[in-house]
Amino acid sequence: MERYYGDFCASGVTNGGPGEILSAPDSESAFALLESAVVLYEATRDARWLEAAETLAALCSSWVVTYAYKFPAGSEFGRRGINTVGAVFANIQNKHAAPGICTLSGDSLLRLYRITKNDAYLELLKDIAHCLPQCVSTEEKPVYSWDVPPKKLPAGFICERVNMSDWEGPAAVGGVFWGSCWSETSLLLSFTELMTQKEMLPER
């Protein structure tokens, strides 16, 4: 952990999360290192790991969308009124954000909030967690792919695309491909690890 933190996080760049991005900087490795730093602090109470965790949380936040992108009216996400706040960019090779942190709930941010009482960590986590459910295809509100003709994603499917650029072509902005992906795991983890916690419940 010392080597990773010193060589990568200190320079503001981490990589090595997904294997197919040719070592491009990515959010997956940043969030994984955050988890490691929080666990190390919880186990040792060594202040250096708390400092590392807070630095990594700031780095992780730089991968998270902070504004509501206006999708084209005719796009699938435009039709559904998807709010992009809390979507997470995966890496700099894939030019899209995604619903959730890749195969994590982000509960390390909740634990860091409990340690530090810094509201910024809780607000960041809420943005990420609340972005996820709106991207689920359901029987009542199905999501349709960009195929011609469009194909309905089965209930429970989430596509990893939150496309705010035309890197896959103009027609793909605000669109999704037909398929199932890791975002479903992130949603399940968010539900089981976060949504039962008092800090994550809506204020009354």
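Key figures
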item	result
Helices (runs of 4 or more DSSP H) wholly inside region 1-85 containing at least 1 residues that are among the hydroxyl-bearing types (Ser, Thr, Tyr), out of contact with any helix residue (DSSP H, G or I) (no Cβ under 8 Å at 6 or more places or on another chain) and farther than 21 Å from residue 177 by Cβ	27-44
Total residues in region 183-196, condition assigned to a loop (DSSP other than H, G, I, E, B) and at pLDDT 95 or above	1
Exclusive hit being surrounded by 23 or more Cβ atoms within 10 Å (Cβ to Cβ) and either acidic (Asp, Glu) or at pLDDT 95 or above (or both), set 129, 120	129
Set 58, 73, 98: member being hydrophobic (A, V, I, L, M, F, W, C) and modelled with pLDDT under 95	73
Contacts under 7 angstrom Cβ, first residue in region 66-93 being closer than 21 Å to residue 184 by Cβ and touching a residue at least 40 places away in the same chain (Cβ under 8 Å), partner crowded, with 20+ Cβ neighbours inside 10 Å and of a type in the set (Phe, Trp, Tyr), 6 or more apart	77/71; 82/71; 88/63; 89/63
Among residues of region 11-27, those that are touching a residue at least 12 places away in the same chain (Cβ under 8 Å) and at negative phi, counted	10
Yes/no for residue 177 being surrounded by 14 or more Cβ atoms within 10 Å (Cβ to Cβ) and either assigned to a loop (DSSP other than H, G, I, E, B) or in contact (Cβ under 8 Å) with a residue 12 or more places away in the chain (or both)	yes
Residue tally, condition over 19 Å from residue 123 (Cα atoms) and either surrounded by fewer than 16 Cβ atoms within 10 Å (Cβ to Cβ) or in contact with a Pro (Cβ under 8 Å, 6 or more places away or on another chain) (or both), over region 43-75	11
Hits in region 95-129 - residues which are closer than 23 Å to residue 162 by Cα, part of a helix (DSSP H, G or I) and not hydroxyl-bearing (Ser, Thr, Tyr)	107, 109, 122, 123, 124, 125, 126, 127, 128, 129
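The values are calculated or read from the model by the stated rules, or taken from the named source; none is laboratory data. Only a predicted model underlies this, so the values are computations on that prediction, with no experimental measurement involved. Ideal geometry is used to build each Cβ from the backbone, glycine not excepted, and the neighbour counts take in all protein chains shown.
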